[in-house]
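Some notes on the structure that comes next.
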Amino acid sequence: MNFFEFVVQKIIKNFFIIFASIIMIVTILRQIFYPDMAFDLKSIYIIMAISFLSALTGFILYSPNDLSEKKMRIRIIIHFFTLEILLIVLGSAINLVDGALGIISLALQIAVIYIIVRLLSWRNDKQDAKKINEKLKALKKDFGE
């Protein structure tokens, strides 16, 4: 997979997964803690920007070569902490969070969304691998006969 395909397939897909996850989590949390608060257009734009920045950091996971499981896990850890730092700094800069409790809450939300995105990506990659293996078996059968 070349870099352009990676951008189109992974970053755009992850943007929508991240955006939907944030919207769902914020909606649930607002219903619990701020039931009278509605989404305004500015909030949606902020969530879109955060989702896009989060998806863009996916380049950390990209490698044109196959990586060992250990190297990929290291990249995932670096990616996670990069996201945590980037989004907490951004949240503080735009006054989205204030104080230690707000930062901890944001860090936990980021972690939950990160886990959701990783699990969905893993499931999708597993399905893709299964399809590829089925096609390879069919090719092997065709050429073997």
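Structure values in brief
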{"quantity": "Protection proxy ranking, peptides 83-93, 119-129, average beta carbon neighbours within 10 Å, highest first", "calculated": "83-93, 119-129"}
{"quantity": "Per residue accessible area of the chain, 1.4 Å probe, in Å²", "calculated": "73 Å²"}
{"quantity": "Gain on full stretching of the segment that runs from Gln127 to Glu5 - 0.36 nm per residue minus C-alpha separation", "calculated": "42.1 nm"}
{"quantity": "Mean residue ellipticity (222 nm) of the chain, computed from DSSP H runs ≥ 4 via -39,500 (n - 2.57), nearest 500", "calculated": "-27500 deg cm²/dmol"}
{"quantity": "Counted charge near Leu56, where neighbours are those whose Cβ lies closer than 14 Å (Asp, Glu -1; Lys, Arg +1)", "calculated": "+2"}
{"quantity": "Stokes-Einstein D for the range 97-145, Kirkwood Rh over Cα pairs, 10 °C, 1.306 mPa s (µm²/s)", "calculated": "115 µm²/s"}
{"quantity": "Karplus-derived HN-Hα couplings along the range 80-85 (A = 6.51, B = -1.76, C = 1.60, θ = phi - 60°), whole Hz, x at Gly and Pro", "calculated": "4, 5, 4, 4, 4, 5"}
{"quantity": "Length-normalised contact order for the chain - Cα pairs under 8 Å, 6+ apart - percent", "calculated": "26 percent"}
{"quantity": "Magnitude of the charge dipole, the chain, Cβ model with Lys/Arg +1 and Asp/Glu -1, debye to 20", "calculated": "540 debye"}
{"quantity": "Within the accessible area of the range 23-145 (1.4 Å probe), percent carbon and sulfur", "calculated": "68 percent"}
{"quantity": "Extension gain (nm, one decimal) between Asn65 and Ile78, 0.36 nm per residue minus Cα-Cα", "calculated": "2.9 nm"}
{"quantity": "Percent of C-alpha pairs per 10 Å bin, the chain, short to long", "calculated": "10, 35, 29, 16, 7, 3, 1"}
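The values are calculated or read from the model by the stated rules, or taken from the named source; none is laboratory data. Fair warning: this is a prediction, and the values are worked out from it, not measured in the lab. Ideal geometry is used to build each Cβ from the backbone, glycine not excepted, and the neighbour counts take in all protein chains shown. SASA here: full protein model, heavy atoms, side chains in, ligands and nucleic acids out. Shrake-Rupley method; radii C 1.70, N 1.55, O 1.52, S 1.80 Å.
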